[in-house]
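Worksheet for the structure shown next.
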Amino acid sequence: MDKSKSTLPEKLPQENGKQIYQEYGCINCHGLEGMGNGPLSQILEPKPKNFTSLKEMKNLTDSQMMYSIKHGVQGTSMPEHPDLTESQIHDLVIYLKKFLAGYYHTVNMCATDKHTVNLGEIFKEYEINIHDSKKINAEIIKDSLVISAMSPIHLINEMNKNNTRTIRNRVRIANEVSGKIEVTLITVRVHDCIRGKV
């Protein structure tokens, strides 16, 4: 699959992350395509993480990835990067997710609404993973993914508490096509539309 093309509107915002990945030498261990096969990988034990493997990435949350980048991983060759800012680490995590996702899409929705994403007929058997399932619900109905806030009032209260009008979340859909697992990442931006338009 050509990951530079997508049937969904938005590509991963990855340029900053790509620059960090290259400048900080991540490619030496994880490889150019994130497969864990960089030039140093042959002498490392345990082997570097393969970012293209759904099996390895399946249960790895964004916060776990950010912590590993900032503080390193004990018992491995993964070094710490205390000089990277939280924003830089976030950009790097988004870039690393690009290795896994064949498609990427962003949804903007009000906390009080439902949003439907047309997935077509390719998603016959699938697995849905929500980054924070206490905040949003996502289910496939026929050929569409229906996304809604678990508790709109709770989300709006959380936005007010944190002095923000948007909460981000991610939905990952994995399905098998012709014996290969394909992954779609959907970033969900839930807005407080009560205080004004998005």
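Structure summary
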item	result
The stretch 93-123 - residue that is of a type in the set (Gly, Ala, Ser) and within 30 Å of Gly31 (Cα to Cα) and, of those, modelled with the lowest pLDDT	Gly102
Single condition Glu86 does not satisfy, out of (1) outside the structural domain of Arg170 (by TED's automatic domain parsing); (2) over 30 Å from Ile194 (Cβ atoms)	(2)
Helices (runs of 4 or more DSSP H) wholly inside the stretch 47-128 containing at least 1 residues that are in contact with a His (Cβ under 8 Å, 6 or more places away or on another chain) and without any contact (Cβ under 8 Å) to a residue 60 or more places away in the chain	62-71, 86-98
Any chance Arg189 is under 12 Å from the mean Cα position of the chain (by Cα), modelled with pLDDT of 80 or more and either of a type in the set (Phe, Trp, Tyr) or more than 23 Å from Ser53 (Cα to Cα) (or both)	no
Condition met for Glu45 (in contact with a helix residue (DSSP H, G or I) (Cβ under 7 Å, 6 or more places away or on another chain), at pLDDT 95 or above and among the acidic types (Asp, Glu))	no
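The values are calculated or read from the model by the stated rules, or taken from the named source; none is laboratory data. Bear in mind that the values here come from a model prediction, so they are computed numbers and not experimental data. Note that we place each Cβ from the backbone using ideal geometry, even for glycine, and neighbour counts take in every protein chain shown.
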